[in-house]
Amino acid sequence: MPTTLLIWLIPLPPLLAFGLIVLWANRSPRVSTAVAVGGMALSWVFGLVVFAAAVGAEHLGAEPFASSIPWLPLGTEVLRIGILVDPLSAITLFFVVWTCLAIFVYSIGYSNFGKARDPQDRPGLPPHAGGVEPLYGRFFAFLSLFAFGMLTLVLSDNLLLLFIGWEIMGLCSYLLIGFWFGKESARKAMVKAFITTRVGDVFMLLGIAALYSFTGTLSFHEILRSPDTLNALAAAPSGVLGLSLAGLIGLLLFAGTVGKSAQFPLHVWLPDAMEGPTPVSAMIHAAAMVSAGIYLILRFFPLLTVGWHPGEPLTTTMLVISAVGAFTALFASTIAVAQNDIKRVLAYSTISQLGYMVAAVGIGAFVAAAFHLVTHAFFKALLFLGSGSVIHGMEHGLAASSKNAAQAMPGQGGPAGQSGAHAGHDHVDPQDMLNMGGLRRKMPWTFWTFLIGGLALAGFPIVTAGFWSKDEILSAAFGTHTLVFVLLALAALLTALYTARQIGMTFFGSPRSPAAEHAHESRPVMLAPLVLLSVFSIAAGWAGIHHEFPVIGGWIPNWFEEFVAGALAAHPEATAFALPPLLTSLVVSLGGLTLGFLIYRRLPRGAVDPLARWLGPVHTLLRNKYYVDELYAAVVVRPAYWFGETFVYAWTDRKVIDGVLHGAARLVLAVGAWLRHWIDLLIVNGFGDLVGGATKGAGRMFRVIQSGRVQAYLAAGLLFAGLMLSYMLLVRP
Amino acid sequence: MIPLSWYLLLAAALFCIGLYGVLGRRNAVAVLMGIELMLNAVNINLVAFWRYLTPTVIAGQAFAIIVFAVAASEAAVGLALIISIYRQRSTVIAEDIDLMKW
């Protein structure tokens, strides 16, 4: 089979699975699982075959696998859809199929496949005692549609198809965040996520329109591989803030990334998106969807950096991008330090790591950004799935401990003292890290895999993938822009700190709640993806070791750099190796980890966070996420509600529009009454009545002569005959 | 020869007697008889006009014959009606037979 045909086929099995589940299989968990996981596995196989072919191909960047068909004729133009696999798509495809497959398999266990349905569970609420998820089929259908969107986006050869995949994922994100729609917080989070990303998407659409109106094409290859087009874009003034057209379009597309990849100031939706089931958090909000934003700016790297050469000062567009990225990286990591919800910490760490990648693109480090994109997808998916396993274990522990206390079953009667504690159990938040502790012994598999993911996130030296990719970004920043470097280094320190804090609070010390005491390890079907992802979290880094790295540099060829750099027309110089960023990287990573571990290693039961004691009001500020949500509520949301309720509804709608309508209605009624009174009743009815009345009167008048007497008729006949005769004989002649 | 006007006067007298019988008598049978008188008055006129004015043409006599035939059939139908009404209503008084009024 030709490779291009295979590429066309990659996104289709999940779409088919979505259709099948929605139409026929949504009542059967067994069939849903088979169809969804089978579809994803098929995509995975195709994806890996294509990846292998791409790796084996010579000059893939200049001659990518591409094929397209005409799709939408528009006047004289034809919009084409097609597929493109160049080095960038290939590596993205690689991590997308792996993480998606891992998440699909994990979801089987997470949704309690094979367990009996708990009669107390309601659709739209999480199963609370280990019963099978009530909307099991729907969950897998949405996951499949999501995978279809992501694969479409990655394999697309033009911006339009990419945008379609982008929006499909936006929809799936909305549906899956609100999957437990019985919770009000989930409903709010889904709307928030949808609307916040929409802000970025509108700008992105403007960018697409501007690009199309100037170049007449949306194909990546025609725009980004053609120096003429890029130079023409760079030379044309946009008339906005003195930017060139290339700069403006770049910033508009970047706005899409800001929304999708949750960069400041549109980052607020991502932490709230943790209301969804944990596999969703892993898939959409760590591995795949937020990566799409980074993929977009990596894809448009030639456009964003047009006119810039390594060693020169950054252009305005690049400055904006790197500033947003670096600021977001630090900003989000400070918030993550003060969060207690295990998933929220990871959410802010995702924002922060995405900020790293954005900053890397902003300073022109294409390969480093792509590298971090890949490694981050693996270890962040691992961390999210691990946290899901922890939460699952805690929920089981919660159910077990309340059952022990509530029902004194024969032979299993709990101690009398526990029933008093039972009232408190219902309010135990299974996601709050203050309620955890000591899970290392209860959940060893989860612990070790989570540890690997956490160390990768913190950039633990040499062993983990995160170290290599983060180090590469730091060294690129070191040579280019000092402020960005400082911000990113600080963010890396905080990253190590909150990672150690999270692992310490969750797994070390002694259990701080009955739920943690009763927690138990998850099922093998959930653990297998964790093991798989932890392998990648370590091994993915070996593909990109800098060849000048002390001691081990050069042992393994820097394959990643060579392969991915081929995606650019102008092959960039490999970043020069320098010692200071490496030392910085080592110090912040190890320092942060050690500090965090020392503080949070054994937090006693009922303790407050030590950081809260030391930082005081600053900690409050961090815990409340700099009050950005409150600021948006005051500046945007409440005015919008006011605008909607008071201005649009009460004033415009009720007063103006309704007033006009009621006025018109009253006018018409008045005209109708007048017409009825003067035309209908008087003239039409009068005429009708007149005809009828006259006929009736005439009949009444003439009926007296109808006497029924033959002789009277004869007499009358005689009379008239006589009169007629007289007239004819006497008068007429 | 007896002048034509005598015949006409006789016919007019006969017609008036018949008319009086039709309008003035209450008995339906008598009314029918009045009608016969009027028809015969007309016959006298027809025959008289034929004899005095157009004796060469047979039309006057033929017309008189037709009037006889009509008078005979009219009498037959009229009497049958009167008998039928009598059976229904036990009366032959023309004033009482006033079903066909409003």
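The values are calculated or read from the model by the stated rules, or taken from the named source; none is laboratory data. Quantities reported herein were computed from a predicted structural model and do not represent experimental measurements. Cβ placement follows ideal geometry from the backbone for every residue including glycine, while neighbour counts extend to all protein chains displayed. SASA here: full protein model, heavy atoms, side chains in, ligands and nucleic acids out. Shrake-Rupley method; radii C 1.70, N 1.55, O 1.52, S 1.80 Å.
Quick look at the values:
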| quantity | calculated |
| --- | --- |
| Flag if A:Ala235 is open to solvent by 10 Å² or more (accessible area, probe 1.4 Å) and over 30 Å from A:Arg187 (Cα atoms) | yes |
| Filter result for A:Ala569 (within 17 Å of A:Phe549 (Cβ to Cβ) and modelled with pLDDT under 75) | no |
| Lone unmet requirement of (1) more than 14 Å from chain B (Cβ to nearest Cβ); (2) without any contact (Cβ under 8 Å) to a residue 24 or more places away in the chain for A:Tyr632 | (2) |
| Residue identified as part of a strand (DSSP E or B) and open to solvent by 40 Å² or more (accessible area, probe 1.4 Å) among A:Ile69, A:Ile83 | A:Ile69 |
| Residue satisfying all of: in region A:587-634; hydrophobic (A, V, I, L, M, F, W, C) and closer than 24 Å to A:Glu517 by Cβ; most open to solvent (accessible area, probe 1.4 Å) among these | A:Val608 |
| Criterion violated by A:Leu125 - all others in (1) free of Cβ contacts under 8 Å to residues at least 24 places away in the same chain; (2) farther than 17 Å from A:Trp8 by Cα satisfied | (1) |
| Single condition A:Asp228 does not satisfy, out of (1) more than 27 Å from A:Ile351 (Cβ to Cβ); (2) open to solvent by less than 10 Å² (accessible area, probe 1.4 Å); (3) among the charged types (D, E, K, R) | (2) |
| Residue among B:Ala62, B:Ala76, B:Ala48 that alone is out of contact with any helix residue (DSSP H, G or I) (no Cβ under 7 Å at 6 or more places or on another chain), open to solvent by less than 50 Å² (accessible area, probe 1.4 Å) and more than 14 Å from chain A (Cβ to nearest Cβ) | B:Ala62 |
| Listing of helices (runs of 4 or more DSSP H) fully contained in region A:576-629 that carry 3 or more residues being under 17 Å from A:Ile503 (Cβ atoms) | A:579-600 |
| Per-region count, region A:36-66, residues open to solvent by less than 40 Å² (accessible area, probe 1.4 Å) and assigned to a loop (DSSP other than H, G, I, E, B) | 4 |
| Single match in A:Leu457, A:Leu487 (criterion: part of a helix (DSSP H, G or I) and either farther than 16 Å from A:Val588 by Cα or open to solvent by 10 Å² or more (accessible area, probe 1.4 Å) (or both)) | A:Leu487 |
| Tally of residues being without any contact (Cβ under 8 Å) to a residue 12 or more places away in the chain, closer than 20 Å to B:Arg25 by Cα and either away from chain A (no Cβ under 11 Å) or open to solvent by 90 Å² or more (accessible area, probe 1.4 Å) (or both) across region B:85-99 | 5 |
| Members of region A:690-733 found to be facing chain B (nearest Cβ under 9 Å), among the β-branched types (Val, Ile, Thr) and surrounded by 10 or more Cβ atoms within 10 Å (Cβ to Cβ), listed by number | A:Val710 |
| Scan of region A:195-224 for residues that are aromatic (Phe, Trp, Tyr) and either touching a Lys or Arg at 6+ places or on another chain (Cβ under 6 Å) or in contact (Cβ under 8 Å) with a residue 60 or more places away in the chain (or both), ordered by number | A:Phe220 |
| In region A:355-370, the residues that are within 13 Å of A:Lys470 (Cβ to Cβ), of a type in the set (A, V, I, L, M) and in a helix (DSSP H, G or I) | A:Met357, A:Ala359, A:Ala360, A:Ala368, A:Ala369 |
| Members of region B:58-102 found to be among the polar types (S, T, N, Q) and part of a helix (DSSP H, G or I), listed by number | B:Gln61, B:Ser73, B:Ser84, B:Gln88 |
| Qualifying residues in region B:1-24 (those that are open to solvent by 70 Å² or more (accessible area, probe 1.4 Å) and free of Cβ contacts under 8 Å to residues at least 12 places away in the same chain) - the one farthest from the other protein chains (Cβ to nearest Cβ) | B:Met1 |
| Any chance B:Thr54 is among the polar types (S, T, N, Q), within 14 Å of chain A (Cβ to nearest Cβ) and surrounded by fewer than 17 Cβ atoms within 10 Å (Cβ to Cβ) | no |
| Residue in region A:682-689 that is assigned to a helix (DSSP H, G or I), within 14 Å of chain B (Cβ to nearest Cβ) and surrounded by 11 or more Cβ atoms within 10 Å (Cβ to Cβ) present | no |
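Here is a yes/no grid of residues against (1) within 26 Å of A:Ser322 (Cα to Cα); (2) surrounded by 24 or more Cβ atoms within 10 Å (Cβ to Cβ); (3) in contact with a helix residue (DSSP H, G or I) (Cβ under 8 Å, 6 or more places away or on another chain):
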site: A:Lys442; (1), (2), (3): no, no, yes
site: A:Ile452; (1), (2), (3): no, yes, yes
site: A:Pro461; (1), (2), (3): yes, no, yes
site: A:Ala465; (1), (2), (3): yes, yes, yes
site: A:Ala492; (1), (2), (3): yes, yes, yes
site: A:Arg501; (1), (2), (3): no, yes, yes
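One line per residue, one yes/no per condition, for (1) open to solvent by 10 Å² or more (accessible area, probe 1.4 Å); (2) assigned by TED's automatic domain parsing to the domain that holds A:Met40:
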site	(1), (2)
A:Ser281	no, yes
A:Ala288	no, yes
A:Ser291	no, yes
A:Thr305	yes, no
A:Gly311	yes, no
A:Leu314	yes, no
A:Ser322	no, no
